[in-house]
Amino acid sequence: MTGNVLGLGIGIAALGVGIGLGLIGYGAMGGMARQPEAIGKLQVNMLIALAFVELVFLLTVFIVPGSLR
Amino acid sequence: MEVWIGTSTSWLAAAGEHGGKEHHGPGFWGLVFYIGLVLAILFGLMSFAKTGLKSRVFTKPTLFGLPVLGAFEQIYLFIEQLCVGTIGAHGRKYVVMIMVFWMLVFFSNLVALFFPTAPTADLSFNLGLALVSIGYVQWEGIKANGLFGHFRHFAGPKLGGMLILISLIIFVIEIISELMKNVSLSLRLYGNIDGGHRAADAMNELGKNIIPLGGDTGLSIPIGAFLMPIKLLTCVVQAMIFCLLTCVYLSLVTHHEDEHHEEGHGQPVPAGAH
């Protein structure tokens, strides 16, 4: 039973993080298209935001299975 | 159904570092070997790139047609732009440390493309890197603001009267978040590189199960190889993010109040800017 719950939970986490990453990409792409001269700054900030959102999923994957055991 | 539950728990257990027979990181002597490999690659390339520097007519040395020195120049320019863009005009003095981090992380990640494991696929190596990085940030903060000024920086804005209790709470929370920076830096790198390995492993298993070429011999199409381009992208991006976050932390602790005044007049305006 735990296997089911954990798999579902990780799936939900991946869903949310995917939506978050998509939103960041959406915002950054829109900004870059509107202001091509700001691409450098936007890319750097986008990567920072991507890293932080990605960390949420990594924390889920590495910490939740251990704490539920 | 039973089978599915069984496999899924074992996979999750593997992700949670408590799996049974699966290998987790290279182990101590494996780590020594891989770090030695990375250092040998780095020092070899750099000593090779250094050969042309003293000759009268400057020629960039190439190795098998690859411009080694040119690559190092490009890395330097990239890191310099990263530092100056993130930290500000005084960020140029941190280029050395950030470049060391970038090259160490990047070449360790590159090893992950060709070998079964890599230094950065081991949590202890990443934690060491993160400790060095955050320790360096604290050292630079103490150098910039003084010991007392650096620790007062943790307590947030100046509050009077009974609100000093809030400052105390903020201080404790800031110290915890400073310690958590180690965890976040190391876990991000470890998760990405080791996750890449696990993904490639899973894809290879998929190929073995779907298209068994050799029957009993276990010959199969290595579908995981198709993950190589995206793993290469991950290598570059993770090395860059590690350095970028170190830069951001540095810019947070070495932030001066007169920074805006300096920036307004110190930066030369590009010709194309309007």
Next on the checklist: For the list (1) more than 30 Å from B:Ala200 (Cβ to Cβ); (2) buried (at least 16 other Cβ atoms within 10 Å of the Cβ); (3) β-branched (Val, Ile, Thr), I need the number of the one condition that B:Thr117 fails.
Outcome noted: (1)
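Just to check your reading of the model, which residue among B:Leu129, B:Leu110, B:Leu77, B:Leu63 is touching a Cys at 6+ places or on another chain (Cβ under 7 Å) and of a type in the set (A, V, I, L, M, F, W, C)?
Of B:Leu129, B:Leu110, B:Leu77, B:Leu63, the one residue that is touching a Cys at 6+ places or on another chain (Cβ under 7 Å) and of a type in the set (A, V, I, L, M, F, W, C) is B:Leu110.
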Next on the checklist: I need every pair where a residue in the range B:167-192 that is in a helix (DSSP H, G or I) has its Cβ under 9 Å from the Cβ of a residue that is open to solvent by less than 30 Å² (accessible area, probe 1.4 Å) and among the charged types (D, E, K, R), sequence separation at least 6 or different chains.
Outcome noted: B:Tyr190/B:Asp122
Next on the checklist: Of the conditions (1) within 14 Å of chain A (Cβ to nearest Cβ); (2) surrounded by fewer than 11 Cβ atoms within 10 Å (Cβ to Cβ); (3) at pLDDT 85 or above, B:Asn182 satisfies every one except a single condition; which number is it?
Outcome noted: (2)
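Return yes or no: is B:Phe106 assigned to a helix (DSSP H, G or I) and open to solvent by 50 Å² or more (accessible area, probe 1.4 Å)?
Judged against the criteria, B:Phe106 is not a match.
Quick one: which of A:Ile39, A:Ile48, A:Ile63 is modelled with pLDDT under 85, aliphatic (A, V, I, L, M) and open to solvent by less than 80 Å² (accessible area, probe 1.4 Å)?
The unique qualifying residue is A:Ile48.
This table checks each residue for (1) exposed (fewer than 13 other Cβ atoms within 10 Å of the Cβ); (2) at pLDDT 85 or above; (3) over 21 Å from the mean Cα position of the chain (by Cα); (4) in a helix (DSSP H, G or I).
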{"site": "B:Ala202", "(1), (2), (3), (4)": "no, no, yes, yes"}
{"site": "B:Asn209", "(1), (2), (3), (4)": "yes, no, yes, yes"}
{"site": "B:Leu232", "(1), (2), (3), (4)": "no, yes, no, yes"}
{"site": "B:Cys235", "(1), (2), (3), (4)": "no, yes, no, yes"}
{"site": "B:Ile241", "(1), (2), (3), (4)": "no, yes, no, yes"}
{"site": "B:Leu245", "(1), (2), (3), (4)": "no, yes, no, yes"}
{"site": "B:Glu262", "(1), (2), (3), (4)": "no, no, yes, yes"}
{"site": "B:Pro268", "(1), (2), (3), (4)": "yes, no, yes, no"}
Checklist outcome for this item: Quick count over the range B:151-166, residues being within 17 Å of B:Val137 (Cα to Cα) and not in a helix (DSSP H, G or I), is 0
Checklist entry - Quick check: is even one residue across the range B:247-257 of a type in the set (Asp, Glu), at pLDDT below 70 and assigned to a helix (DSSP H, G or I)? => result no
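The values are calculated or read from the model by the stated rules, or taken from the named source; none is laboratory data. Note that the structure is a prediction, hence the values are computed from the model and not measured. Ideal geometry is used to build each Cβ from the backbone, glycine not excepted, and the neighbour counts take in all protein chains shown. In case anyone asks, the SASA skips ligands and DNA or RNA and just uses the protein heavy atoms, side chains included. Shrake-Rupley method; radii C 1.70, N 1.55, O 1.52, S 1.80 Å.
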